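Q: Here it is, the structure in full.
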Amino acid sequence: MLAWARIVLDSWHSMQQELSRIWNSRKKTVVFITHSVDEAVLLGDRIMVMTAQPGKVKAKILVITGADEFMDFLQQTLGDAVTVHHGHMPEIEITSPTTATGIWALEDWVTWPTAGIHGFGHYHETYAKTGGQWRIQSSTLTRLRLDVDGAVGS
């Protein structure tokens, strides 16, 4: 049974890579339906989480890839805000010689001139080792609590 599962998994990965290659070369809109969050992040740039019947959009998620795209997103989102970010107590698991996963507890403050937020949660990250260096491959922020205030920095 394990050999069959491995063949199915290898075929699945090949199909994902081929779909990604075709999408990148043709730049057409693709609506892809999956039950796998990992697959959605790998293949999508926007993810919609649906409810059960009747199917309605529960959440919209933007997938950001690469440092340049991440910095553009931060500049557009934060503008001239003052931010403080704390990452605490990482739990990192080496999953192979070139991959790892990690969870970091976080607390953050973001203050704009007229409003601010104070949040708590976790970063769920994956890492890849390339060229002898570990790099963040993906990072997902989950919130446990988010307090929204008026001008907290004044």
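Values quoted throughout were computed directly from the atomic coordinates according to the rules given, and no laboratory measurement underlies them. All figures in this text were calculated on a predicted structure; none of them were measured in a lab. Because the Cβ atoms are built from the backbone with ideal geometry, glycine has one as well, and the counts that use them run over all protein chains shown.
Q: For T114 and F70, calculate 0.36 nm times their separation in residues minus their Cα-Cα distance, and state this gained length in nm to one decimal. Show your work: numbers first, answer last.
A: Working: separation 44, 0.36 × 44 = 15.84 nm, distance 2.46 nm.
Here the answer is 13.4 nm.
Q: Helix-only estimate, please: 222 nm mean residue ellipticity of the chain, summing -39500 (n - 2.57) across DSSP H runs of length 4 or more and dividing by its residues, to the nearest 500. Please list the in-between numbers first.
A: Values: 3 runs with 44 residues, N = 154.
Counting only the DSSP helices, I get -9500 deg cm²/dmol.
Q: Tell me, H88, H118, H13 in order of fewest to most beta-carbon neighbours within 10 Å? All intermediate terms of the calculation are to be shown ahead of the outcome.
A: On the way: H88 9, H118 16, H13 12.
Fewest-to-most ranking of H88, H118, H13: H88, H13, H118.
Q: If the convex hull of the alpha-carbon atoms of segment 81-148 is projected onto planes in all directions, what is the mean projected area in square nanometres?
A: Numbers: hull surface 20.9 nm².
Mean shadow area of the hull around the Cα atoms is 5.2 nm².
Q: Determine the principal axes of the Cα atoms in the chain, then give the extent along each, sorted from largest to smallest and rounded to whole angstroms.
A: Per principal axis, max minus min of the Cα coordinates gives 61, 42, 32 Å.
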